[in-house]
Amino acid sequence: MVVHDFQVPMCHEFDVHFHFAADGLKPYYALDSIRKDWGDRWRSEGKPTAGFEFNGTQWKTTLDYDSQPLQPWRDSSYRLESTPLFRAYFVACDELYDGERPDQSQRIRGGTITVRPRWPEMRKENGRKVRGYMDLGKPYLDVQVQASNIDFEDYLELVRVAFGALGVSPSYIRDPEPSSNINDAAVYVRIRRGESGWAFDRIYQYLAYKGKMRGVEVLKENEWDTSKTCSNCGDTTKSNRVERGLYVRSSCELVGNADCNGAENMRQKI
């Protein structure tokens, strides 16, 4: 069996922090303007959502925000009375897309952009110093991107285009600081989509052959719905899978790794 004939390494999970300081907190203020301009529509229409094209594929992005237990920057240049955290969810509208709004989608090919403001000597609401962040001696944005199944070299441009679709000038997303860093970059090997049919059959044949030699029966099972079905009570609500790594079913108190939940569903089928 020649493995490289039908297998290819693919970009999988990626977690990167881009630091942008060229424009200070201007892109942060631009995001806050969207939050304020949306006004009552947060309740009547839902979260701001936009579509865009990137590398020949249609994408969708949804903006959300949350409060942070931080003191506003005391510098006279700071324009806000609070320190909201912004998060943009994005997903490719390809054959893997489930049709849900990006923040509710499983985002098999997509992820989140989390925007945090940073400045010197940050403090919490209780007056204590914020620890664990990079103090660059100047204001900047920490733009963390966590996503899956996207080429690593596309992340910066993808953030630019997504921000532009939401109404933030893409020109802000440029010249990342040297302090930018990668938390995680995972590459995996999977079967090429165009050849997956015969390749899977061939793998099964090898497994069945080896299993027969050792007296082990090899069974085929369909994985359909195993990732969103609760292995404890059988509920199939999509929102149970909070993220790719987290599965929560509150009514039966199941909280666990989403992949482990799916694996348990497969085990129960056999």
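The values are calculated or read from the model by the stated rules, or taken from the named source; none is laboratory data. Predicted model, so just to flag it, every value in this text is computed and none were measured. Ideal geometry is used to build each Cβ from the backbone, glycine not excepted, and the neighbour counts take in all protein chains shown.
Against the condition more than 19 Å from Gln144 (Cβ to Cβ), assigned by TED's automatic domain parsing to the domain that holds Val145, in contact (Cβ under 8 Å) with a residue 24 or more places away in the chain and in contact with a strand residue (DSSP E or B) (Cβ under 9 Å, 6 or more places away or on another chain), how does Gly51 come out, does it pass?
Working: more than 19 Å from Gln144 (Cβ to Cβ): yes; assigned by TED's automatic domain parsing to the domain that holds Val145: yes; in contact (Cβ under 8 Å) with a residue 24 or more places away in the chain: yes; in contact with a strand residue (DSSP E or B) (Cβ under 9 Å, 6 or more places away or on another chain): yes.
It is true that Gly51 is more than 19 Å from Gln144 (Cβ to Cβ), assigned by TED's automatic domain parsing to the domain that holds Val145, in contact (Cβ under 8 Å) with a residue 24 or more places away in the chain and in contact with a strand residue (DSSP E or B) (Cβ under 9 Å, 6 or more places away or on another chain).
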Condition check for Glu177: surrounded by 11 or more Cβ atoms within 10 Å (Cβ to Cβ), modelled with pLDDT of 80 or more and either in a helix (DSSP H, G or I) or not hydrophobic (A, V, I, L, M, F, W, C) (or both): yes
The stretch 207-236, subset loosely packed, with under 12 Cβ neighbours inside 10 Å and more than 30 Å from Val248 (Cα to Cα), residue modelled with the lowest pLDDT: Tyr209
Residue in the stretch 108-116 that is assigned to a loop (DSSP other than H, G, I, E, B) and in contact with an Asp or Glu (Cβ under 9 Å, 6 or more places away or on another chain) present: yes
Of the criteria (1) assigned to a strand (DSSP E or B); (2) farther than 19 Å from Asp37 by Cβ, which one Arg87 fails: (2)
Those residues of the stretch 63-84 which are part of a loop (DSSP other than H, G, I, E, B), among the acidic types (Asp, Glu) and crowded, with 16+ Cβ neighbours inside 10 Å, in sequence order: none
Only one of Gln104, Gln146 that is in a loop (DSSP other than H, G, I, E, B) and in the same structural domain as Val161 (by TED's automatic domain parsing): Gln104
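Among the listed residues Arg123, Arg131, which satisfies the condition of being closer than 18 Å to Leu85 by Cβ, basic (Lys, Arg), surrounded by fewer than 21 Cβ atoms within 10 Å (Cβ to Cβ) and in contact with a Lys or Arg (Cβ under 8 Å, 6 or more places away or on another chain)? Lay out the reasoning, then the answer.
Details: Arg131 fails: in contact with a Lys or Arg (Cβ under 8 Å, 6 or more places away or on another chain).
Going through Arg123, Arg131 in turn, just one is closer than 18 Å to Leu85 by Cβ, basic (Lys, Arg), surrounded by fewer than 21 Cβ atoms within 10 Å (Cβ to Cβ) and in contact with a Lys or Arg (Cβ under 8 Å, 6 or more places away or on another chain): Arg123.
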Tabulated pairs, the stretch 196-220, first not assigned by TED's automatic domain parsing to the domain that holds Gln268, second modelled with pLDDT under 75 and charged (D, E, K, R), C-beta under 6 angstrom, 6+ apart or interchain: none
Within the stretch 134-166, considering residues that are over 15 Å from the mean Cα position of the chain (by Cα) and of a type in the set (Asp, Glu), the one surrounded by the fewest Cβ atoms within 10 Å (Cβ to Cβ): Glu153
